[in-house]
Amino acid sequence: MSQAADTPPLEALITPAIRRDPSGRNWLPGLLAATPHGGARLGELAAQPGSISTSLSVNGVGGRPACFDHPAVPPRELLAWLIDHPERLSVPAAAAGDTAETVRLRGFLIRDDPPGSRARAQERAHELLRSQFGHAWWRFEDASPPACVLMSDRLVLTIQSDEDDPLAPSTPWYPARTRLVRDLEAARQLVGDRRYASLLIAGSAAVAEAVAASIADLVQAGTPHLAAAERAELADAFLGVVAYDAARRALGPAP
């Protein structure tokens, strides 16, 4: 199979535009304008989002633009909420890489067996959350790079594709949190002094309709650690769904 055939659709769509204009100035405004809510929610920023950071438009270690491999970690507030609400977790089967110690400590937290072990496990988990951020027994959502991250000095944008099943759980421990919400919140985590937004490029009309009809509900279900106003802000940062054909037209011809 050829390299082109192996390239994920979103990468195959965005990469030619980056190769043609790494700054994004000639194509990013068109993509934002193609979204249902880009103009209304971003205002003049939709037409002038700034130049994409060169650290994201150059090739990464794998030979593809680094925007497809930008790291993103779960919000600490989410991890803390999951530690504090073990009764809300869905317990998956033990993963192949889980150590006996991991299984034992999670058992204390989830089952409180023996009685009192949960409180001690929660206390220890919070201590570790403050001091380290690697994979560990208390971490119930792993780091996962969004499908695509574009950042300028004015805007942070995450782009998702329905090829990645955006309505699937981002973590088996809390299935109500979808990949769509995870990537939307990833933009919020990276924002700094900038605006943030997210959009979905979809080839499936069914997925597009499901997301467009329920983004507020998806955000509410997937962000138990946020206050109502923060959830409303997050939902408002979703610019909507763009069909692949419309995205191709917006991005312009491949070189």
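Please treat every number below as a calculation from the coordinates, not as lab data. Keep in mind that this is a model prediction, so the values were computed, not measured. Methodologically, a virtual Cβ is constructed for each residue, glycine included, from the backbone with ideal geometry; neighbour enumeration extends over all protein chains shown.
The Rg/Rh ratio for the range 90-131, using Cα coordinates for both the radius of gyration and the Kirkwood hydrodynamic radius, is 0.99. Can you give the FRET efficiency to the nearest 0.05 for residue 229 and residue 85, using r as the Cβ-Cβ distance and R₀ = 22 Å? That gives a FRET efficiency of 0.60.
Looking at the range 118-207, the chymotrypsin sites (Phe, Trp or Tyr not before Pro) that sit in a DSSP loop and have at most 16 other Cβ atoms within 10 Å of their own Cβ are 133. Dividing the Cα radius of gyration of the range 1-70 by 2.2 N^0.38 Å, with N the residue count, gives 1.22. When only the Cβ of Lys, Arg, Asp and Glu is charged (+1, +1, -1, -1), the dipole of the chain relative to its Cα centre reaches about 360 debye.
Candidates 115, 250, 173 compared by Cα position along the dipole of the chain: farthest toward the positive end lies 250, with charges placed on Cβ. So in the chain, what percent of DSSP beta bridges are antiparallel if you round to the nearest 5? Antiparallel bridges make up about 35 percent of those DSSP assigns within the chain. Calculate, for residue 33 and residue 130, the FRET efficiency according to 1/(1 + (r/R0)^6) with r their C-beta to C-beta distance and R0 45 Å; round to the nearest 0.05. So the FRET efficiency works out to roughly 0.55.
The slack between residue 111 and residue 73, meaning 0.36 nm per residue of separation minus the straight C-alpha distance, is 11.0 nm.
Here the dipole of the range 90-131 is about 60 debye; that uses its Cα centre as origin and unit charges on the Cβ of Lys and Arg (positive) and Asp and Glu (negative). Averaging Cα coordinates gives a centre for the range 191-255 and one for the range 47-73; these two points are 19 Å apart.
Extending 7 Å from the Cα toward the beta-carbon at both residue 12 and residue 246 defines two label points whose distance is 2.2 nm. Matching the structure-derived semi-axes √(5λ) of the Cα gyration tensor in Å against the labelled list (1) 33, 20, 17; (2) 27, 20, 19; (3) 36, 19, 17 gives the label (3). Relative contact order of the chain, taken over Cα pairs closer than 8 Å and 6 or more residues apart, is 24 percent. For the range 94-196, what class follows from the C-alpha gyration tensor (a ≥ b ≥ c being the square roots of its eigenvalues): rounded when a/c is under 1.5, otherwise prolate if a/b is larger than b/c, else oblate? In terms of gyration-tensor shape, prolate.
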